[in-house]
1. One decimal, nm, shortest first: give the distances between the label point of residue A:102 and those of the same position in the other copies, each label point 7 Å from Cα along Cα→Cβ.
2. What are the label-to-label distances in nm, one decimal and shortest first, from residue A:128 to the same spot in the other copies, with labels 7 Å along Cα to Cβ?
3. Points 7 angstrom from Cα along the Cβ direction at residue B:93 and residue A:73: gap in nanometres?
4. Taking each residue in A:21-31, count the Cβ atoms of any other chain within 10 Å of its Cβ, then average. What number comes out?
5. Relative to the longest principal Cα axis of chain A, at what angle does helix A:128-145 sit, 0 to 90 degrees, rounded to 10?
6. Pairing the Cα long axis of helix A:18-33 with the longest principal axis of chain A, what angle in degrees results, from 0 to 90 and rounded to the nearest 10?
7. Cut-off 10 angstrom, C-alpha nodes, Gaussian network model of chain B. Which of B:65, B:31, B:14 fluctuates the most?
8. Given a Förster radius of 35 Å and the C-beta distance between residue A:51 and residue B:33 as r, what FRET efficiency does 1/(1 + (r/R0)^6) yield to the nearest 0.05?
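Each reported figure results from applying straightforward, stated rules to the coordinates on display, with no laboratory input. Please read these numbers as outputs of a predicted model, since none were measured by experiment. As a convention, Cβ positions derive from the backbone with ideal geometry for all residues, glycine included, and neighbour counts pool all protein chains shown.
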DNA sequence: TTTGATTAGTTGCACAAACAACTATATGCC
DNA sequence: GGCATATAGTTGTTTGTGCAACTAATCAAA
């Protein structure tokens with residue numbers, strides 16, 4: 001028997017991602033309260049563009065672990081909110097490079113502060129060494145399945 | 001500074017629940033390959049009914065961390081698949097008690113095997129003591145935010 | 001016992017995810 | 001060059017989520 005350490009009730013939490021769902025909801029509420037008209041999913045796309053602008057949609061797929069249709073629609077919505085712009089690549093006209101608007105650049109600091117705030121609330125009174133182990137395990141899980 | 005152990009890249013994984021998303025996708029694929037016409041979300045509702053039949057929709061909300069409209073629609077779809085039945089409570093006619101059909105009872109064993117299989121794949125080569133710590137941390141996070 | 005508040009569930013809407021099928025462009029091989 | 005194949009992105013469909021507004025039933029207090 002392999003790593004079968006999961007009683008039934010624990011199995012459930014792992015599959016459904018109770019903790020990460022709770023984190024995302026908390027962050028979404030913070031966005032709403034701050035008047036940021038932005039979903040967590042939209043934020044997760046901007047997150048990567050803030051690190052590196054001009055990514056292609058395919059690169060955003062890889063970065064965000066979403067499929068192409070999901071990114072198409074997220075970019076649609078971000079464009080409608082005037083936060084990003086699609087720019088056709090010069091070299092390869094199949095490719096859209098995604099650029100941030102002024103408005104999106106202004107959102108970075110505020111939203112990142114709220115995200116860190118959320119994580120601090122989530123991890124309050126959790127010992128630092130345990131957090132380290134937890135991060136390791138989650139990365140390991142991801143690597144096992146990807 | 002509180003538990004601010006998160007470099008930016010790690011923050012992202014925690015908020016987006018990379019690991020649990022990967023687990024859910026893997027399980028969904030196993031369902032599909034096995035010919036189980038069932039979403040993970042539907043499974044998560046059945047999961048609780050297998051433990052205790054005749055729960056109200058509100059109780060299912062609490063058990064699955066979903067809001068009332070989500071449960072309404074999940075029960076709608078489960079009813080359409082002929083897996084559950086709504087039965088009005090005798091005592092309180094506002095309440096729907098949810099009962100499993102024969103067909104749903106038959107799904108329990110097979111789907112639970114696939115779920116455990118998925119977790120074993122996810123946790124392959126992860127040391128048991130680290131898994132314990134990880135579970136603790138995730139529960140702690142959930143308690144901090146709920 | 002009637003009225004006001006609470007609770008259980010439903011419906012409408014906007015957004016997102018997964019899959020399949022599609023278009024358009026690029027590449028590689030003959 | 002021309003055709004097969006691969007790649008980037010889009011569209012349609014079904015399902016799920018979160019919020020707000022709603023209905024119906026119950027409860028509680030005057």
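1. 6.9
2. Spacings between copies for this position, smallest first, are 3.1 nm.
3. It is 4.0 nm.
4. Details: counts 6, 9, 9, 4, 3, 4, 1, 0, 0, 0, 0.
Mean partner-chain Cβ count within 10 Å for A:21-31: 3.
5. Value to nearest ten degrees: 70.
6. 40 degrees
7. Highest fluctuation among the options: B:14.
8. Values: r = 36 Å, r/R0 = 1.04.
After rounding to 0.05, the efficiency reads 0.45.
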